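These notes concern the structure reproduced below.
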Amino acid sequence: SGNAELTHIIISSHASLGAVFFMQLLREERRKYLEQRPIDTAIDLGEGDYEEVDIGIRITAWGTTAVTARKISENSVNVLTIRKSVDFCTVPSDPNELEAAGELNELSHKRSDLLRDGYQLCTTLFGKRFQYRRGGLLAISLSNLNPQNHLGIVLGNMSRMDPPPPPPPFSSCFDQPKPEISSEPWYQGRNITPNIGRLMEALDRERIEIANALDIEVRTIYQHFSWSFHVPMETPITDDDDDPSGPSLASDKGSAVKMRPTTVSEMNQQMHYYAKTDVLGPAVANSRYVLEDVPYGLVLTVILGKLVKRPAVLHESGIRIISAMYGRDFITENNLLEGLGLIDNGERKVDSELLFNLDKWREMAYSGYFKD
């Protein structure tokens, strides 16, 4: 929403520094607008003078979507779950003011306040489910778990996504076979087996290590599944469990029940069998799980890992394996990071000064752009 004096954009869900790229474009357009207004209201902006420009722009970035849904026809959508918690940040903002404010809970229904305050705007439009994360865009960039989760799902289920090839050329020596064109419908959560779940947990540990090195707190994969799909993060210990240790909780009958953390695989089985929030997995190889999430989700995590000397080895290996499968280089297929000078596509070289300057990244996290 917006007007001539103030524009506020909500990005759901944010990936690959899209807010920074968008801010770069918005600042240039607003600069032109301010300089081209009628003579009595025009502002003469000197080179590098953007204070008046930034006053009129707000971008709020979400770490995930507010709902999980699937389109089932041209005019209907099946909403599977409404998330209990969505991480967000708004740029530009002053980190010192945000820390002093603490929980951003007070709502104002003045239109001017709504347009300036990301929490108030989002809560008014979508309800009380938004949580501010210290760290600005750096925190939100590491709060979108879909790319890493989809990587584990894709690597473990590629033969379900990639249809079998057609029969080889006909030979007179054999009867011509009939092509097998049907694909296997498969439930995504049900097929997150213990091995695939452990891969997803290991990917998550890489992301958490990068966040810790940046001194920011992000949700864990367990919180993500629990808050998104309404499944518990703990489960009772059974005789089949290897480790009998764990906290005790009182049962309905008063006796203590030993509990342990629920694994990612177990949470997905609960989604499938009990919560009924499971979805069918991709039935085509050219899925957004690959074409969007690999170049626009995983690549930035690898860059941030290098920035703080916490290599995202599994993330980078996954990108290279998927690239080999598809016969393309997904590392270079990101025009947002390319436009910001963070990847090299063979034509434009990487801005190495920016790539390894942590102070510039921390400043960007609240301003919404990399300063010269």
Could you give every pair whose Cβ atoms fall below 8 Å, whose first residue belongs to segment 316-343 and is within 19 Å of Ser159 (Cβ to Cβ), and whose second residue is in a loop (DSSP other than H, G, I, E, B) and open to solvent by 60 Å² or more (accessible area, probe 1.4 Å), counting only separations of at least 6 or pairs across chains?
-> Ser323/Asp329
Inter-residue pairs, beta-carbon under 6 Å, first farther than 16 Å from Gln131 by Cβ and in segment 219-236, second open to solvent by less than 50 Å² (accessible area, probe 1.4 Å) and charged (D, E, K, R), 6+ apart = Ile221/Asp204
If you take the residues of segment 336-348 that are in contact with a Phe, Trp or Tyr (Cβ under 7 Å, 6 or more places away or on another chain) and either among the hydrophobic types (A, V, I, L, M, F, W, C) or open to solvent by 60 Å² or more (accessible area, probe 1.4 Å) (or both), which of them is nearest to Val284 (Cα to Cα)?
-> Leu336
What do you reckon, is Thr41 of a type outside the set (Asp, Glu) and at pLDDT below 75?
-> yes
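Would you pick out the residues in segment 45-69 that are at pLDDT 80 or above and not in a loop (DSSP other than H, G, I, E, B)?
Within segment 45-69, Ile57, Arg58, Ile59, Thr60, Ala61, Trp62, Val67, Thr68, Ala69 qualify.
Yes/no matrix, rows are residues, columns are (1) at pLDDT 85 or above; (2) under 30 Å from Lys306 (Cβ atoms); (3) not small (Gly, Ala, Ser):
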| position | (1), (2), (3) |
| --- | --- |
| Tyr132 | yes, yes, yes |
| Leu138 | yes, yes, yes |
| Val154 | yes, yes, yes |
| Arg160 | yes, no, yes |
| Gln176 | no, no, yes |
What number goes with the only condition from (1) at positive phi; (2) open to solvent by 10 Å² or more (accessible area, probe 1.4 Å) that Arg160 does not pass?
-> (1)
Within segment 113-153, restricting attention to residues that are open to solvent by 30 Å² or more (accessible area, probe 1.4 Å) and part of a loop (DSSP other than H, G, I, E, B), which residue is nearest to Glu217 (Cα to Cα)?
-> Arg134
Candidates Asp351, Asp359, filtered to the one that is more than 16 Å from Asn149 (Cβ to Cβ), out of contact with any helix residue (DSSP H, G or I) (no Cβ under 6 Å at 6 or more places or on another chain) and surrounded by fewer than 14 Cβ atoms within 10 Å (Cβ to Cβ) | Asp359
Flag if Glu333 is more than 16 Å from Ala213 (Cα to Cα), modelled with pLDDT of 90 or more and open to solvent by 50 Å² or more (accessible area, probe 1.4 Å) = yes
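Applying the selection to segment 305-341, what residues are on the phi > 0 side of the Ramachandran plot and not small (Gly, Ala, Ser)?
Lys309
The values are calculated or read from the model by the stated rules, or taken from the named source; none is laboratory data. A quick note: this is a predicted structure, and the numbers were derived from the prediction, not measured. Note that we place each Cβ from the backbone using ideal geometry, even for glycine, and neighbour counts take in every protein chain shown. Surface areas here come from the heavy atoms of the whole protein model, side chains and all, with no ligands, DNA or RNA. Shrake-Rupley method; radii C 1.70, N 1.55, O 1.52, S 1.80 Å.
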